[in-house]
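Below: one structure, written as structure tokens.
The values are calculated or read from the model by the stated rules, or taken from the named source; none is laboratory data. Since the structure is predicted, the reported quantities are computational estimates derived from the model, not experimental observations. Every residue, glycine among them, receives a Cβ derived from its backbone with ideal geometry; neighbour counts consider all protein chains shown. Calculation scope for accessible area: heavy atoms of the full protein, side chains included, ligands and nucleic acids excluded. Shrake-Rupley method; radii C 1.70, N 1.55, O 1.52, S 1.80 Å.
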Amino acid sequence: MIDLTRLALLLCSSLPWAASCVADEQQFFHEQVVPVLRQRCFECHSHAAGAMEGNLALDWRMGWEVGGDRGPAVVPEKPDQSLLIRAIGHQDNALQMPADKLPESEIAILTRWIAQGAFDDRVLRPQAELADTEWWSLKPLHRPTVPSARPDHPIDAFVWQNLQSAGLSPSPPADRRTLIRRVSYDLIGLPPTYAEVEAFVADSTSRAYESLVDRLLDSPRYGERWARHWFDTIHFADSHGYEHDIGRDHAWRYRDYVIAALNQDTAWPRFIREQLAADHFYPNDPQLIPALGFLGAGSFDLSTFSTAPVTFDYLDRDDLVTQTMAAFASTTANCARCHTHKFDPITQQDYYSLQAVFAGVLKGDVAFDAEVNDWQERRRWQGVLAACDRQDTAVLLSADWGPTVTAWIDQQANSASWQNLELETFVSTAGATLRRNSEGVIVASGVASDQDTYCVSAITTLPIITALRLDVQADDSLPMRGPGRCHNGNLHLSEIELQVFEPHVAEGRTIKLADATADFNQAGWGIERAMDGDAKTAWGIHPAVGQSHHAVFNLAEPLSLGPESRLTVTLRQLHGGAHLIGAFSLSVTAGDPAKAIAIPQNVERALQISAAMRTPEQQLLLATQALRSAAHDSIKLLPQQVFAYAAAPSVSIPAGNGAVQVKSLAAPKPVHVLHRGDFDKPRELVQPGALSMLSHAPARFALRDPQAEAERRGALADWLAHSENPLTWRSLVNRVWHYHFGRGIC
């Protein structure tokens, strides 16, 4: 193989400009390299020509650095590994560009350029061949020298200077009545009252105008007036849009947040950080959760979300990228969705890196505590639940929690007593055979259909009941001994319903259930799913099959029964796959609902052993059960959380007619560069980041935990709010100027 570096140096010695081989890299690049690239390559690989075959652009540094479909076109200092040299030298039959091989002298120029490190200062100018294209908006900010023409105000000095250069003189000052009307309409959108006008006209103090402006800025109407402009910018709405224009009942909290932020004079960097990542930057301020309504402000295509999830993901993230970059940086980054931007130095990789920032959130109603004290208490008990899940002995067996554990153990000595229901009828709507054995347990046999519903009618001698208990029993007649009829012994109880029928009343009354506990919950199939009103969710017990289990359902309020009252219990099993209950019994209690809880069998056995004889494992088992119960009870006593329509990893999506879809993301989804924006043609995986054309901060985010979703949004907020980001501050100044004076600076 020819050593291309040596070849370049050899040819240098025979060319007219051999003496300048060690000349300034910048001069060599612009006088020798760029002309070759322009003449031989730009026709097929440049923004100016509107052609980027193979997604490769050679008219700016990032183009060849990132490369096209084949990868980076240039490897600095390694011409023999650079695809560009292989292509122009026709070294590979499958890669010969252009069709006519370049002269050796031109190959030598490009080879030398790469061998010396591939200097290229066209980072901000992909159309560098256009001498008048400077990308002024991307240049660093600097404070200009204020003209000395007018000392009263810096802005007036610039205006005065331009007027003078045009041979113009300023308009005369407005009279007092005109001035107060102008500034009132401008700041609060309302006319001044007659009394306000007269007072301003009569005010002869030197700070009359400044005092007027201060008063208007202090008015609550100021935030209402200026929030309107922000809502227009981010296409805020109270409904999803599209043909299924479903309302968002909790979107108003974001509207109130923006008004309050403006009235409180929230600094713009904080305003950015609150709206993109309040949960990341201000985790101890739950009242800021509505600020994330910025991320939920756009449209939501519920139909595509339900039927084409991959398409929805990319299009919804496109909306988030579009809104964020347009609102905060006045940049159309979304134009790089299908190809590197035609007019701005934004690559496809930049665009999809921005998409990756939002790959871990969904739009919907987000629950939060309106009061900090409630949030602190909830977080405290959630920490206890987390300690239970990870079996953290340092927490569970600590002296701090000892009294709580002891009190719970003592309470179990007086736990609820249960009375079996006296069954009258029990039927299967799908044709299964239900028989009652000698122990009063109903056992299913015969047809095991895909779905089934059991209806049981019964009576009890108790005058009041406070809770209902369902025992699902292991039985030798069932697969894996049950207690389910599925081949693996599992069951799925979709919904349970309790009704009471009184004599001489035609219809039964449905009894509201408050909460439920179970001795065992399958992961993702907790007992609460058997009473959530959603037929698609259910209670399951896998992998703890082959053993009996039970669940307790507390009534919302005690139910009084007459001597002729009849109870009906309906067990709906709608998940499919014959996930049916194989054997069960029902009982009720009139005792304290707080003592009517389902306790695992191993916990019950541990309770029967004296404290002095319990093993360390049993002590941990009881502490876990006691603290888990205390945490659940304490959380239930907290005020109900409120909702804001926003974005988060776990949300409730309004689906119309009061229905919601509860969805969660365990981790951010992978985001790929899509070839020409085609959902079916994913290319390389990208990491969260922003725009490579700016140098104030790294364009790809260095995250402590790449799976920490909120950290991604926080990194983008920091990138945007950076004091040296030229786009953010130019965008803000231009926007404010536009709304004050009717026309932006640019």
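Need a quick list: strands (runs of 3 or more DSSP E) entirely within the range 406-462 having at least 1 residues that are touching a residue at least 60 places away in the same chain (Cβ under 8 Å) and within 27 Å of residue 559 (Cα to Cα).
Once the strands (runs of 3 or more DSSP E) in the range 406-462 are filtered for at least 1 residues that are touching a residue at least 60 places away in the same chain (Cβ under 8 Å) and within 27 Å of residue 559 (Cα to Cα), what remains is 422-428, 442-446, 452-459.
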Requested in this report: Answer yes if at least one residue in the range 224-245 is open to solvent by 80 Å² or more (accessible area, probe 1.4 Å), part of a helix (DSSP H, G or I) and of a type in the set (Asp, Glu), and no otherwise.
Outcome: yes
Within the range 600-630, the residues that are out of contact with any helix residue (DSSP H, G or I) (no Cβ under 6 Å at 6 or more places or on another chain) and farther than 16 Å from residue 397 by Cα are 600, 601, 602, 604, 605, 608, 609, 610, 613
Pairing a residue in the range 604-628 that is closer than 20 Å to residue 384 by Cβ and of a type in the set (Gly, Ala, Ser) with any residue that is part of a helix (DSSP H, G or I) and open to solvent by 30 Å² or more (accessible area, probe 1.4 Å), where Cβ atoms lie under 6 Å and the two sit 6 or more apart in sequence or on different chains, gives 606/618; 606/621
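This table checks each residue for (1) over 29 Å from residue 700 (Cα atoms); (2) buried (at least 18 other Cβ atoms within 10 Å of the Cβ); (3) more than 42 Å from the chain's Cα centre (by Cα).
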{"site": "35", "(1), (2), (3)": "yes, no, yes"}
{"site": "53", "(1), (2), (3)": "no, no, no"}
{"site": "63", "(1), (2), (3)": "no, yes, no"}
{"site": "66", "(1), (2), (3)": "no, yes, no"}
{"site": "69", "(1), (2), (3)": "no, no, no"}
{"site": "82", "(1), (2), (3)": "no, yes, no"}
{"site": "86", "(1), (2), (3)": "yes, yes, yes"}
{"site": "90", "(1), (2), (3)": "yes, no, yes"}
{"site": "106", "(1), (2), (3)": "yes, yes, yes"}
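Residues are listed down the side, and each one gets a yes or a no for (1) of a type in the set (Asp, Glu); (2) touching a Cys at 6+ places or on another chain (Cβ under 8 Å); (3) without any contact (Cβ under 8 Å) to a residue 24 or more places away in the chain; (4) farther than 14 Å from residue 121 by Cα:
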position: 28; (1), (2), (3), (4): no, no, no, no
position: 61; (1), (2), (3), (4): no, no, no, no
position: 74; (1), (2), (3), (4): no, no, no, yes
position: 87; (1), (2), (3), (4): no, no, yes, yes
position: 91; (1), (2), (3), (4): no, no, yes, yes
Looking across the range 274-292 at residues that are in a helix (DSSP H, G or I) and of a type in the set (S, T, N, Q), the single one that is farthest from residue 677 (Cα to Cα) is 287
For the structure I just gave you, tell me whether residue 555 is over 42 Å from the mean Cα position of the chain (by Cα) and in a strand (DSSP E or B).
no
Sole miss for residue 215 among (1) open to solvent by 70 Å² or more (accessible area, probe 1.4 Å); (2) assigned to a helix (DSSP H, G or I); (3) over 25 Å from residue 739 (Cα atoms) is condition (3)
| request: Kindly establish whether residue 356 is among the small types (Gly, Ala, Ser), open to solvent by less than 10 Å² (accessible area, probe 1.4 Å), closer than 20 Å to residue 66 by Cα and in a helix (DSSP H, G or I). | output: yes
Screening 730, 676, 700 for residues that are surrounded by 16 or more Cβ atoms within 10 Å (Cβ to Cβ) and within 26 Å of the chain's Cα centre (by Cα) leaves only 700
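Within the range 649-692, how many residues are of a type in the set (D, E, K, R) and closer than 21 Å to residue 324 by Cβ? Steps first, answer last, please.
If we filter the range 649-692 for residues that are of a type in the set (D, E, K, R), which is where we start, we get 663, 669, 676, 678, 680-681, 683-684.
So of that shortlist, the ones also closer than 21 Å to residue 324 by Cβ come out as 669.
Of the residues in that region, 1 qualify.
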Note on the range 293-351: residues under 21 Å from the mean Cα position of the chain (by Cα), crowded, with 19+ Cβ neighbours inside 10 Å and part of a loop (DSSP other than H, G, I, E, B) are 297, 298, 300, 301, 337
Within the range 30-58, residues modelled with pLDDT under 85 and among the polar types (S, T, N, Q) come out as 46, 55
Conditions (1) touching a residue at least 24 places away in the same chain (Cβ under 8 Å); (2) out of contact with any Asp or Glu (no Cβ under 6 Å at 6 or more places or on another chain); (3) open to solvent by 50 Å² or more (accessible area, probe 1.4 Å) -> residue 572 fails only (2)
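Have a look at 20, 105 and point out the one that is more than 24 Å from residue 346 (Cβ to Cβ), among the small types (Gly, Ala, Ser) and at pLDDT 85 or above. Spell out how you get there, then give the answer.
Numbers: 20 fails: at pLDDT 85 or above.
It is 105.
Going residue by residue through the range 576-587, is there one that turns out to be free of Cβ contacts under 8 Å to residues at least 40 places away in the same chain, open to solvent by less than 10 Å² (accessible area, probe 1.4 Å) and touching a Leu at 6+ places or on another chain (Cβ under 6 Å)? Don't jump to the end; show me each part of the working.
Start the filter on the range 576-587 by keeping residues that are free of Cβ contacts under 8 Å to residues at least 40 places away in the same chain, which leaves none.
Scanning the range 576-587, I find no residue that is free of Cβ contacts under 8 Å to residues at least 40 places away in the same chain, open to solvent by less than 10 Å² (accessible area, probe 1.4 Å) and touching a Leu at 6+ places or on another chain (Cβ under 6 Å), so the answer is no.
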**OP:** Could you tell me whether any residue of the range 589-603 is part of a strand (DSSP E or B), buried (at least 20 other Cβ atoms within 10 Å of the Cβ) and at pLDDT 95 or above?
**Re:** yes
Fill in: Verdict on residue 382 being polar (S, T, N, Q), open to solvent by 70 Å² or more (accessible area, probe 1.4 Å) and closer than 30 Å to residue 658 by Cα
yes
Filtering the range 385-404 down to residues that are open to solvent by 40 Å² or more (accessible area, probe 1.4 Å), on the phi < 0 side of the Ramachandran plot and polar (S, T, N, Q) yields 393, 404
Of (1) on the phi < 0 side of the Ramachandran plot; (2) surrounded by 14 or more Cβ atoms within 10 Å (Cβ to Cβ), residue 210 fails just (2)
Expected single match for modelled with pLDDT under 95 and more than 30 Å from residue 389 (Cα to Cα) among 463, 503 is 503
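Residue 472 - would you say it is free of Cβ contacts under 8 Å to residues at least 12 places away in the same chain and either under 25 Å from residue 590 (Cβ atoms) or touching a Lys or Arg at 6+ places or on another chain (Cβ under 6 Å) (or both)? Spell out the reasoning first.
Values: free of Cβ contacts under 8 Å to residues at least 12 places away in the same chain: no; either under 25 Å from residue 590 (Cβ atoms) or touching a Lys or Arg at 6+ places or on another chain (Cβ under 6 Å) (or both): yes.
So residue 472 fails the test.
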Among (1) within 40 Å of the chain's Cα centre (by Cα); (2) open to solvent by less than 70 Å² (accessible area, probe 1.4 Å), residue 618 falls short only on (1)
> Do the conditions hold for residue 695, that is, is it at pLDDT below 90, surrounded by fewer than 20 Cβ atoms within 10 Å (Cβ to Cβ) and among the small types (Gly, Ala, Ser)?
Replying inline: yes
Counting only residues that are in contact with a Leu (Cβ under 8 Å, 6 or more places away or on another chain) and among the β-branched types (Val, Ile, Thr), the range 683-733 contains a total of 1
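If you check residue 470 against the conditions, is it surrounded by 15 or more Cβ atoms within 10 Å (Cβ to Cβ) and either over 38 Å from the mean Cα position of the chain (by Cα) or within 25 Å of residue 443 (Cα to Cα) (or both)?
Details: surrounded by 15 or more Cβ atoms within 10 Å (Cβ to Cβ): yes; either over 38 Å from the mean Cα position of the chain (by Cα) or within 25 Å of residue 443 (Cα to Cα) (or both): yes.
Here the answer is yes, as residue 470 does meet what is asked.
Just one of 157, 195, 174 is free of Cβ contacts under 8 Å to residues at least 60 places away in the same chain, among the hydrophobic types (A, V, I, L, M, F, W, C) and either open to solvent by 70 Å² or more (accessible area, probe 1.4 Å) or within 24 Å of residue 223 (Cβ to Cβ) (or both); which is it?
Values: 157 fails: either open to solvent by 70 Å² or more (accessible area, probe 1.4 Å) or within 24 Å of residue 223 (Cβ to Cβ) (or both); 174 fails: either open to solvent by 70 Å² or more (accessible area, probe 1.4 Å) or within 24 Å of residue 223 (Cβ to Cβ) (or both).
The unique qualifying residue is 195.
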